[in-house]
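The values are calculated or read from the model by the stated rules, or taken from the named source; none is laboratory data. Please read all numbers here as calculations on a predicted model, not as lab measurements. Cβ: placed from backbone, ideal geometry, glycine included. Neighbour counts: every protein chain shown. Please note that ligands, DNA and RNA were not included when accessible areas were found on the heavy atoms of the full protein model with its side chains. Shrake-Rupley method; radii C 1.70, N 1.55, O 1.52, S 1.80 Å.
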Amino acid sequence: MRSGTVHALVGENGAGKSTLMKILYGMQKPDEGTIAINGEQVVFGDPGDAIAHGIGMVHQHFMLADNLTVLENIVLGSEKLHGIGGRARARITEISDAYGLGVKPDALVEDLGVADRQRVEILKVLYRGARILILDEPTAVLVPQEVDALFENLRGLKAEGLTVIFISHKLGEVLSVADEITVIRRGTTVGSADPAHTTTKQLAELMVGSELPSPETRESTVTTEPMLTVAGLRMAAVDPDGVERVVLDDIGFTIHKGEVLGIAGVEGNGQAELVEAIMGMRQLDAGTLRLDQADITAAPTRKRREDGIGYIPEDRHRHGLLLEAPLWENRILGHVTEPPNSRGVLIDPTAARRDTERIVREYDVRTPGIEVTAASLSGGNQQKLIVGREMSHLPKLLIAAHPTRGVDVGAQAQIWDQIRQARREGLAVLLISADLDELIGLSDTLRVMYRGRLVADADPATITPEELGSAMTGAASGHLAHQPAAGSEPSGGEDR
Amino acid sequence: MKKFDRDRVLLAVAAPVLAVVGALIVTALVLLATGKDPFHAFNVMVNYGDKSDSQVYILNKATTYYLAGLAVAVGFRMNLFNIGVDGQYRLAAFFAAAVGGAVSVPGIIQIPLIIVTAMLVGAAWAAIAGVLKVTRGVSEVISTIMLNSIAGIVIGYFLQGGRLGVLDKDANMVSTKPLPSSGHLFNFQTATDPVDGFIVFAVLAGVLYWFLLSRTRFGFDLRAVGRSESAAEASGVSVKKMVITSMLISGGMAGLVGMSTLLNESHDYGTDFPTGIGFTGIAVALLGRNNPIGIAIGALLWAFLERASGGLEFQGYDKEIVGVIQGVIVLAVVIAYEIVRRYGLTRQQRKVGAELAAAAGRQETQEVAA
């Protein structure tokens with residue numbers, strides 16, 4: 001990457017963007033390979049080394065002390081540079097003016113808005129002498145006008161000869177600000193693009209790729225009996241910056257027996273909250289949930305699970321496993337009140353162990369035994385254990401959040417088979433995935449989630465990943481029809 | 001599979017043994033630095049602690065330490081740091097003594113009445129910290145420390161002539177009204193001093209603790225919260241309810257701590273009622289890895305060390321040396337557990353990886369690391 005440019009790094013979540021950045025910033029060590037700055041090879045032991053080489057990082061989550069002023073926040077940790085008094089203030093004002101950041105040194109950080117805080121973060125790294133700026137998803141927290149202002153700042157920095165690495169998965173923004181684009185997928189560079197001659201469509205194609213085994217499922221098993229009915233779901237949350245944001249807004253849908261409803265969307269648009277709302281792990285502000293005719297809006301999580309909701313969580317380490325417990329105890333987790341795990345109020349370890357052996361066998365969990373801790377299994381095998389556990393209780397509704405993330409190709413096909421098999425037997429599935437092929441291949445119905453709302457729906461039989469991708473970035477809404485037949489749909493089609 | 005089990009037992013024992021050995025080495029160095037012979041000192045400790053009246057003393061002390069250890073361990077198992085066992089048992093013993101002194105019914109009712117009072121008071125006192133944590137997010141560490149002081153003040157207020165206390169003019173001591181003889185618990189007579197009958201209750205409590213935690217659904221939920229709060233929540237455990245319940249159990253268990261003293265020895269709660277056992281309980285629970293048998297061993301060790309300090313004093317050593325040993329053991333135990341835990345985890349991971357790699361060699365698979 002050349003100096004004086006904005007270089008964008010795009011890729012799906014889990015593609016390796018953050019890992020790459022952590023290596024660049026000295027937070028992780030590479031196994032192989034080299035980094036060269038201005039032709040000189042460098043090795044970073046810790047972020048201090050990276051800072052010394054002129055690399056600065058603006059994190060997605062701001063690292064500012066709210067009760068200190070801007071000046072204090074900036075000099076914190078680098079008091080040696082220009083002291084903490086007048087000289088520091090002069091330097092801050094100088095940088096701020098040079099790049100048009102408009103930062104007031106004496107304002108309290110807690111009084112600043114999100115966009116201002118971000119500028120303080122940028123100033124902080126410039127103050128430390130950074131010549132290469134890494135911005136990790138800087139627009140995730142900004143509203144469109146603020147995004148424009150940020151891009152204006154970035155152009156200013158670029159004009160002064162600084163280099164900016166811009167990480168994002170909002171493709172429209174990337175195209176508008178970047179000079180060069182590198183796309184990574186599954187840990188490798190899959191291509192680079194010139195923003196002047198690329199469309200979001202082509203970029204999405206590069207990002208998603210299509211070399212996976214196809215999760216096709218064509219014969220429809222959808223019935224007319226509703227299994228899960230969600231209506232008017234609304235949830236607001238206060239983010240760490242103290243700003244209240246509506247994370248789920250008027251969500252409503254119905255999943256019938258034998259139906260797979262896929263939800264597409266860039267991560268962080270409310271999918272995780274939707275899952276937690278259905279599982280009963282979060283309080284709703286409004287809305288109702290009905291499972292198989294019964295109102296479960298007020299039911300606690302355990303009741304919902306007993307009533308037949310199976311859950312394959314997005315983050316299996318946080319929500320799906322007890323890492324330091326043996327496999328058979330993990331088999332009990334979430335189903336402690338159900339046979340074979342317990343009889344009355346007592347745990348039945350013998351039966352649980354026996355059933356764990358069965359799951360290990362039937363779901364091909366590669367493990368030397370069921371007494372090893374869950375932490376010692378690979379991610380794919382942990383996932384197979386979770387899938388096996390949830391399927392063993394014959395759920396009526398399966399919530400599958402990224403069911404094949406981090407799973408090898410063989411296990412992926414196997415998990416898809418299990419979902420399809422159960423679906424034939426009348427299982428309703430809510431599928432959330434970042435893998436668009438998986439979504440399109442498995443789902444009977446597709447919805448697109450954007451900023452906490454279901455903004456579009458699509459027919460998986462005809463839609464392409466590119467078309468879905470454009471709706472995920474908010475570029476299209478309504479019913480997404482394949483081909484420019486969009487003419488007949490008022491808001492349909494993709495932007496082109 | 002057997003192999004993994006044996007390894008785990010070995011690892012489990014390794015940490016406390018390492019800690020005790022490390023503590024002895026440090027103590028030996030301290031003794032050397034003060035110009036004393038460490039081996040002679042250890043010898044004195046063993047000989048003195050081994051006498052038969054010492055054995056009785058150790059068993060009786062260990063009974064209270066064991067119960068305190070269990071009370072702390074209940075919290076530890078779900079990552080709750082109940083430092084308030086100290087205040088809980090004192091307040092519990094005080095009110096139990098007051099109730100026991102005020103009524104006189106047959107022993108079959110009197111003794112359970114006293115014990116239940118103690119458990120209820122202990123549980124109620126602990127529940128304050130639980131409720132504060134659940135409703136206001138107050139760290140239980142802070143609130144239980146505060147509640148310890150408050151418990152002391154509450155006792156100080158009531159333990160006065162005219163309130164719940166009786167002033168003994170001759171000894172110039174205040175205590176609650178002595179329990180009637182129906183409130184005296186049986187003892188086991190030995191050649192020397194009697195062994196407190198409450199030791200039976202302590203053993204029962206240990207069995208109950210083991211059963212509750214490892215064999216019941218409730219225990220599984222509790223341990224799940226301790227291992228991963230988020231996973232437990234997703235599995236359907238109400239973490240808040242769990243915090244309150246485990247504080248209640250911990251406090252109830254703490255209520256038993258003072259009972260062997262009250263029912264078997266002093267028969268009243270006076271200004272000389274033993275204090276600080278709650279803190280010993282923390283050390284003992286740490287040493288015993290929250291395991292009912294481990295805690296028993298820890299309690300016995302602690303009681304032994306305390307007894308041995310008396311022997312050291314007779315021989316002209318500073319009895320504080322035992323304090324040094326105890327302190328170093330606690331420090332060493334924390335460090336040793338963490339080292340052994342990490343070592344065990346990575347070793348198992350490596351082992352599983354190796355076994356699977358061997359299997360994968362036979363049938364080609366491609367695994368994408370997660």
(message) Going Cα to Cα from B:Lys240, which lysines come in below 16 Å? Please leave out same-chain ones fewer than 8 positions away.
(response) B:Lys133
(request) Give the Cα extents of chain A along the principal axes, in whole Å, largest first. (result) 72, 58, 44
(request) Using the Karplus curve 6.51 cos²θ - 1.76 cosθ + 1.60 with θ = phi - 60°, work out ³J(HN,Hα) for each residue of the range A:192-198 in order, rounded to whole Hz, and write x for Gly and Pro. (result) 10, 9, 9, x, 5, 10, 10
(message) I'd like the FRET efficiency for A:Ile35 and B:Arg350, computed as 1/(1 + (r/R0)^6) with the beta carbon distance as r and R0 of 30 Å, rounded to 0.05.
(response) 0.55
(message) To test your reading of the geometry: what angle, between 0 and 90 degrees and rounded to tens, separates the Cα axis of helix A:409-424 from the longest principal axis of chain A?
(response) 50
(message) If each residue of separation counts as 0.36 nm, what is the full-extension length gain between B:Val103 and B:Val17 once their alpha-carbon separation is subtracted?
(response) 26.2 nm
(request) Please compute the net charge surrounding B:Tyr48, taking Lys and Arg as +1 and Asp and Glu as -1 over other residues with Cβ under 12 Å from its Cβ. (result) -1
(message) Before I look further, what does chain A give for accessible area per residue, probe 1.4 Å, in whole square angstrom?
(response) 41
(request) Report Rg/Rh for the range B:73-144, rounded to two decimals, where Rg is the Cα radius of gyration and Rh the Kirkwood radius. (result) 1.10
(request) Could you work out, residue by residue across B:346-354, how many beta carbons of other chains sit within 10 Å of that residue's beta carbon, and then give the average as an integer? (result) 4
(message) Just to be sure I understand: of the beta bridges DSSP finds with both ends in chain A, what percent are antiparallel, rounded to 5?
(response) 45
(request) Take every DSSP beta bridge whose two residues both sit in the range A:6-208, then give the antiparallel share in percent to the nearest 5. (result) 35
(message) Just to confirm a number: summing +1 for Lys and Arg and -1 for Asp and Glu over residues other than A:Leu446 whose beta-carbon lies under 9 angstrom from that of A:Leu446, what do you get?
(response) -2
(message) Can you show me the helix-derived [θ] at 222 nm for chain A, built from DSSP H runs with n ≥ 4 at -39,500 (n - 2.57) apiece and divided by the number of residues, rounded to the nearest 500.
(response) -9500 deg cm²/dmol
(message) Using a probe radius of 1.4 Å on heavy atoms only, what accessible surface per residue do you get for chain B? Whole Å² is fine.
(response) 47
(request) Determine the percent antiparallel among the DSSP beta bridges restricted to chain B, to the nearest 5. (result) 90
(message) Counting only other chains, and only Cβ atoms inside 10 Å, what mean value do you get across the residues of B:219-232?
(response) 6
(message) With a 1.4 Å probe, what is the total accessible area buried between chains B and A, in Å² rounded to the nearest 100?
(response) 3300
(message) Please report the carbon-and-sulfur percent of the accessible area for chain B; probe 1.4 Å, protein heavy atoms only, DNA, RNA and ligands left out.
(response) 65
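Taking the Cα centre of the protein assembly as shown as the origin, how large is its charge dipole in debye, to the nearest 20, when only Lys and Arg (+1) and Asp and Glu (-1) carry charge on their Cβ atoms?
2180
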(request) Note down the magnitude of the dipole of the range B:84-197 about its Cα centre, charges +1 on Lys and Arg C-beta and -1 on Asp and Glu C-beta and zero elsewhere, to the nearest 20 debye. (result) 400
(request) First compute the accessible area of the range A:6-208 with a 1.4 Å probe, then give the percent of it belonging to carbon and sulfur atoms. (result) 51
(message) Can you return the lysines within cross-link range of A:Lys396? Criterion is Cα-Cα under 18 Å, with same-chain partners fewer than 8 residues away left out.
(response) A:Lys257, A:Lys303
(message) Across the protein assembly as shown, what fraction of all alpha-carbon pairs, as a whole percent, falls in each successive 10 Å bin from zero upward?
(response) 2, 10, 16, 19, 19, 15, 10, 6, 2, 0, 0
(message) Helix-only mean residue ellipticity at 222 nm, chain B, DSSP H runs n ≥ 4 weighted -39,500 (n - 2.57), per residue, nearest 500. What is it?
(response) -25000 deg cm²/dmol
(request) Calculate the dipole size of chain B relative to its Cα centre from +1 charges on Lys and Arg beta carbons and -1 charges on Asp and Glu beta carbons; express the result in debye to the nearest 20. (result) 1240
(message) Which of B:Ala33, B:Ala354, B:Ala126 ends up with the largest GNM mean-square fluctuation for chain B, with Cα atoms connected below 10 Å?
(response) B:Ala354
(message) Give me the mean projected area, in nm² to one decimal, of the convex hull enclosing the Cα positions of the range B:37-316.
(response) 16.8
(request) Provide, for the range A:6-208, the number of lysine pairs with alpha carbons under 16 Å apart, each pair being eight or more places apart or on different chains. (result) 5
(request) Could you work out which residue, out of B:Val99, B:Val340, B:Val284, moves most in a Gaussian network model of chain B, that is, has the largest mean-square fluctuation with Cα springs under 10 Å? (result) B:Val340
(message) At a cut-off of 30 Å², which residues of the range A:356-377 become less accessible once all protein chains are present than in their chain alone, using a 1.4 Å probe?
(response) A:Arg366, A:Pro368, A:Glu371, A:Val372, A:Thr373, A:Ala375, A:Ser376
(message) Once R0 is set to 30 Å, what does the formula 1/(1 + (r/R0)^6) return for the Cβ-Cβ distance between A:Met27 and B:Arg136, expressed as a FRET efficiency to the nearest 0.05?
(response) 0.25
